[in-house]
């Protein structure tokens, strides 16, 4: 496995697996994440998987204490010590996909008040709104990473046929659950935030729920599919959650 | 119970922060100036991590409905009890009905108000810290408002003696010009050599965009090395493939104005992070305000660890002082 380690300040190190987003690289990211989850490194606080990297956050003084006990190389540098731990952990990992992807179905009520920009996306691509929905629902999407905002999934796999530019001026309030398109990406807003994506629909599912542990519906590595639902179903599903 | 008579500009409940949820997109929040935060807790006999109030620029007015001990630390926003000024950085006894208020800020940006027993709000995802952008934690997930009633917990230790005086070296001074130490990377190679030099040569001015999410700086434009952007990265040369941002990381969208991400920041995104502020200087950032001048200084990882040990040494001295005075008194 080809990777580089770099410090991000004095208490984080990034395992960088390249620049290009690909499913193969993402498998490596997930294998590393799985290992760190099962066998946390001594002194590690937490880690963040991204498209082509995993960032490990650590407490340098704890890493130092632990390193002194074990008599590791350059025992006075927490960074060197944590890098040593990461290297020996990665050494155990092969390129095969170790984690089982979860399949998650996301019901979406497309168009209307819940997806006010679907017409625009259709016009931009010379399609009908039904075609936009068809293209959006027939693909399988990979959750590459969760980040930016709580529970926000970075999804890969959207067809270029329904790509659309961001709005010129962002909306100040986008309801939680809104499904949008920006460039060749699609995404779901987990919480009410401002945002500039073209909104094509809304899911009644809660992507971020403080009362759940973990608080997010999706995890990096999940495979998701959207399926269309009617306004009535939307109301029913949404009501059922309250 | 503490009755919030006036909330101040931005007063929130904060503790040491929320760890373990970064990969879900949840930043740590927590007290911005951790040194002042910990000392405030120690002075009232609290656990180091107990929840306190963090007030920015303009302090709140609070009425206490029972006898307790409080301590105010941090920026020089002079506190008053029933209108009488009292000193920061020492425990103060308050009686039932006493009112804590503040004068205008003289230096620094944030004060910490610790109350014996800590501010008792529900623990959300392992922390009492408020993350206002998401409405999570703290008092109803938001900054305090007039009329809020805050509960306090049981104190774990007796408060420090009100006779206590911390030595000068343990009390930080906050000016208008600051040196902030950083570690280069991850993407400093994306800047041209000339711009990299400029980044450290310029004295940056903090813009009005300076809050718990991050600080934006004004100076001169910087240039990125042109390149063919990798698949998945944005089109601007300051873009990279999206990755996790650590707290303290500095990005320069389009090379225009550097932004330092702080406790309530987004956890990831697609801008090249040029450098990261060392953890100990993040506490200093919490006392910097708009229009202050900042110079970034490059340091090594070893120097960052030394700075951390030095700060821990100061905290040990605070603990010693408290212990000695308590036994002696």
query = In segment A:157-172, is there at least one residue being at pLDDT 90 or above, under 24 Å from residue B:136 (Cβ atoms) and surrounded by 17 or more Cβ atoms within 10 Å (Cβ to Cβ)?
reply = no
key: Residues that are over 26 Å from residue B:56 (Cβ atoms), in a loop (DSSP other than H, G, I, E, B) and touching a residue at least 24 places away in the same chain (Cβ under 8 Å), drawn from segment B:203-226   = B:221, B:222, B:223, B:225
note = With criteria (1) crowded, with 18+ Cβ neighbours inside 10 Å; (2) under 28 Å from the mean Cα position of the chain (by Cα), residue B:205 comes up short on (1)
request  = Collect the residues in segment B:81-108 that are under 24 Å from the mean Cα position of the chain (by Cα) and surrounded by fewer than 17 Cβ atoms within 10 Å (Cβ to Cβ), keeping them in residue-number order.
outcome  = B:86, B:87, B:103, B:104, B:106, B:107
Index of the failed condition, residue B:255 passing every other in (1) at pLDDT 90 or above; (2) more than 9 Å from chain A (Cβ to nearest Cβ) = (1)
query = Considering segment A:103-125 alone, what residues qualify as being in contact (Cβ under 8 Å) with a residue 12 or more places away in the chain and within 13 Å of residue A:178 (Cβ to Cβ)?
reply = A:106, A:108, A:109, A:110, A:111, A:112, A:114, A:115, A:116, A:117, A:118
key: Condition broken by residue B:242, with the remaining ones in (1) buried (at least 20 other Cβ atoms within 10 Å of the Cβ); (2) touching a helix residue (DSSP H, G or I) at 6+ places or on another chain (Cβ under 7 Å) satisfied   = (2)
task = Scan segment B:114-124 for residues that are touching a residue at least 24 places away in the same chain (Cβ under 8 Å), within 20 Å of the chain's Cα centre (by Cα) and not in a strand (DSSP E or B) and jot them down.
result = B:118, B:121
task = Looking only at segment B:126-151, count how many residues are more than 13 Å from residue B:7 (Cβ to Cβ) and either in a loop (DSSP other than H, G, I, E, B) or more than 10 Å from chain A (Cβ to nearest Cβ) (or both).
result = 10
task = Please tell me if residue B:230 is modelled with pLDDT of 85 or more, out of contact with any helix residue (DSSP H, G or I) (no Cβ under 8 Å at 6 or more places or on another chain) and at the interface with chain A (Cβ under 7 Å from one of its Cβ atoms).
result = no
ask   = Inside segment A:193-226, can you point out the residues that are more than 15 Å from the chain's Cα centre (by Cα) and closer than 16 Å to residue A:181 by Cα?
value = A:193, A:194, A:195, A:196, A:197, A:198, A:199, A:200, A:201, A:202, A:203, A:226
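Take residue B:160 and tell me if it is crowded, with 19+ Cβ neighbours inside 10 Å, touching a helix residue (DSSP H, G or I) at 6+ places or on another chain (Cβ under 6 Å) and more than 18 Å from residue B:17 (Cβ to Cβ).
yes
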key: Sole residue being in contact with a helix residue (DSSP H, G or I) (Cβ under 6 Å, 6 or more places away or on another chain) and either outside any strand (DSSP E or B) or buried (at least 24 other Cβ atoms within 10 Å of the Cβ) (or both), chosen from B:288, B:280, B:247   = B:280
query = Of the residues that sit in segment B:259-277 and are surrounded by fewer than 24 Cβ atoms within 10 Å (Cβ to Cβ) and under 11 Å from residue B:215 (Cβ atoms), which one is farthest from the other protein chains (Cβ to nearest Cβ)?
reply = B:259
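The values are calculated or read from the model by the stated rules, or taken from the named source; none is laboratory data. Fair warning: this is a prediction, and the values are worked out from it, not measured in the lab. Heads up, the Cβs are rebuilt from the backbone with ideal geometry, glycines too, and the neighbour counts pull from every protein chain shown.
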